[in-house]
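The values are calculated or read from the model by the stated rules, or taken from the named source; none is laboratory data. What you see is a predicted model; the values in this text were computed from it and never measured. Surface areas here come from the heavy atoms of the whole protein model, side chains and all, with no ligands, DNA or RNA. Shrake-Rupley method; radii C 1.70, N 1.55, O 1.52, S 1.80 Å.
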Amino acid sequence: MVRSGGVLYGLWRDILSPSPNDRGSAAAQSLRPVMSLRTRITMLKWVPAGETIGYGCTYEASRKTLVATLPIGYNDGYLRSLSNRGRAIVRGAYASVIGRISMDLTLVDVTNVPGVALNDVVTLLGTTPDNPNL
């Protein structure tokens, strides 16, 4: 019997090689993710330092912040528990999920993503086609 579970979602590095020294094993390197979850940026907005974001004002901008709105939320299966702690990949860079994930929208801090623009592809789960190591 094989328990593929998390391996299907690209978690093989930790499952097959729990030690950081073994992550380059042949078994870990031969596996590839079977799925990714992607969306696109539908709105970009600068918010000033001190502005609160999301339901319940669970995030406060510590600096002037460029916020990207993503048309995906917990109604689409994106876990609400990722509020203020999830990460996305935008233009090859990690961007933090900020604020509480709502039913249909997720907000991401893209202040440090060079050249970010409307309709850019955002990867929420899996790897990016241009950089499978992210």
Using θ = phi - 60° and the Karplus form 6.51 cos²θ - 1.76 cosθ + 1.60, what ³J(HN,Hα) does each residue of the stretch 86-100 get, whole Hz, x for Gly and Pro? x, 9, 10, 10, 10, 6, x, 10, 6, 10, 7, 6, 10, x, 7
Keeping every protein chain present and rolling a 1.4 Å probe, give me the accessible area per residue for the stretch 68-134 in Å². 50
³J(HN,Hα), Karplus 6.51/-1.76/1.60, whole Hz, each residue of the stretch 66-72, x for Gly, Pro: 8, 10, 9, 9, 10, x, 8
